[in-house]
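Colleague: Can you keep this structure in mind? I'll have questions shortly.
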Amino acid sequence: GDGAGNIEPYSFGGTQYGYTSGGTAPGTSNVIDKFSLSSDGDATDVGNLTIDRLGPAGQYSTTHGYTSGGYNPAHDLIDKFSFSSDGDASDIGGDLTVARYYIAGQSSTTHGYASGGHTGSASNVIDKFSFSSDGDASDVGNLTVSRYGVAGQISSTHGYTSGGREPSATYYVTIDKFSFSSDGDATDVGDITLARATP
């Protein structure tokens, strides 16, 4: 770097703990579970989301976990919980642009993303929200196909949305890719081996 200390260290995934939040139990759940990545063992319940919900997306910064969207019924909420101290999540005061569930979540070093989802029909929206300032998400692009029950993946530079389905029971093999460095629509870069949803 230029010696000014303005280059953030690269962080890919977690090193200490994994988290899971919300879900069906049956019914909907608000539980935030935490489990160790360094020693195998059971998870512990460390807090609650602001509301019960199933099918939300998960995102993370270096300091916080985020749970966005979900169903009870369809919500646009974005919750945030701390990695440094166990406790309940808080509503960051911002919302997704579309209330939906069965969403894919992706994270860059600076922003969270929520792509696809179920709104009553299938969505193609790619939403983006800032980790540094709590607030509303913005619609920054579209997937190549509207679908829900999608999986989210990341590299250091791009988000990926794979699989999914439509209410008509059409299932997809599509792997979409979108850039973290510039807002825009996703491109279809390949296929998963089997058309399926909620992988």
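Colleague: Restricting to the range 94-118, count the residues that are under 10 Å from the mean Cα position of the chain (by Cα) and not in a loop (DSSP other than H, G, I, E, B).
Modeller: Within the range 94-118, residues that are under 10 Å from the mean Cα position of the chain (by Cα) and not in a loop (DSSP other than H, G, I, E, B) number 8.
Colleague: Report whether or not residue 190 is over 19 Å from residue 61 (Cβ atoms), out of contact with any helix residue (DSSP H, G or I) (no Cβ under 7 Å at 6 or more places or on another chain) and surrounded by fewer than 16 Cβ atoms within 10 Å (Cβ to Cβ). Don't jump to the end; show me each part of the working.
Modeller: On the way: over 19 Å from residue 61 (Cβ atoms): yes; out of contact with any helix residue (DSSP H, G or I) (no Cβ under 7 Å at 6 or more places or on another chain): yes; surrounded by fewer than 16 Cβ atoms within 10 Å (Cβ to Cβ): yes.
Yes, satisfied.
Colleague: Turning to a different aspect of this structure: List, please: which pairs have Cβ atoms under 6 Å, are six or more places apart or on different chains, and start with a residue in the range 118-132 that is touching a residue at least 60 places away in the same chain (Cβ under 8 Å) and end with one that is among the charged types (D, E, K, R) and open to solvent by less than 30 Å² (accessible area, probe 1.4 Å)?
Modeller: Close Cβ pairs (under 6 Å, with a partner that is among the charged types (D, E, K, R) and open to solvent by less than 30 Å² (accessible area, probe 1.4 Å)) amount to 118/100.
Colleague: Quick check, is residue 198 farther than 15 Å from residue 97 by Cα, part of a loop (DSSP other than H, G, I, E, B) and within 14 Å of the chain's Cα centre (by Cα)?
Modeller: Details: farther than 15 Å from residue 97 by Cα: yes; part of a loop (DSSP other than H, G, I, E, B): yes; within 14 Å of the chain's Cα centre (by Cα): yes.
Spelling it out, residue 198 is indeed farther than 15 Å from residue 97 by Cα, part of a loop (DSSP other than H, G, I, E, B) and within 14 Å of the chain's Cα centre (by Cα).
Colleague: Return the only residue of 79, 45, 91, 52 being modelled with pLDDT of 95 or more, more than 19 Å from residue 18 (Cβ to Cβ) and part of a strand (DSSP E or B). Let's see the steps before the verdict.
Modeller: Numbers: 79 fails: more than 19 Å from residue 18 (Cβ to Cβ); 45 fails: more than 19 Å from residue 18 (Cβ to Cβ); 52 fails: part of a strand (DSSP E or B).
Unique residue meeting the criteria: 91.
Colleague: A follow-up question, please. From the list 107, 168, which residue is open to solvent by 60 Å² or more (accessible area, probe 1.4 Å) and of a type in the set (Gly, Ala, Ser)?
Modeller: Details: 107 fails: open to solvent by 60 Å² or more (accessible area, probe 1.4 Å).
Sole residue among the options that is open to solvent by 60 Å² or more (accessible area, probe 1.4 Å) and of a type in the set (Gly, Ala, Ser): 168.
Colleague: Assuming residue 182 fulfils every condition listed in (1) without any contact (Cβ under 8 Å) to a residue 12 or more places away in the chain; (2) part of a strand (DSSP E or B) apart from one, which condition is it?
Modeller: All conditions pass for residue 182, except number (2).
The values are calculated or read from the model by the stated rules, or taken from the named source; none is laboratory data. Everything quoted here is computed from the prediction, not taken from an experiment. For neighbour counting, all protein chains shown are included, and Cβ atoms are generated from backbone atoms with ideal geometry for every residue, glycine included. We work out accessible area using only protein heavy atoms, side chains counted, and drop any ligands, DNA or RNA first. Shrake-Rupley method; radii C 1.70, N 1.55, O 1.52, S 1.80 Å.
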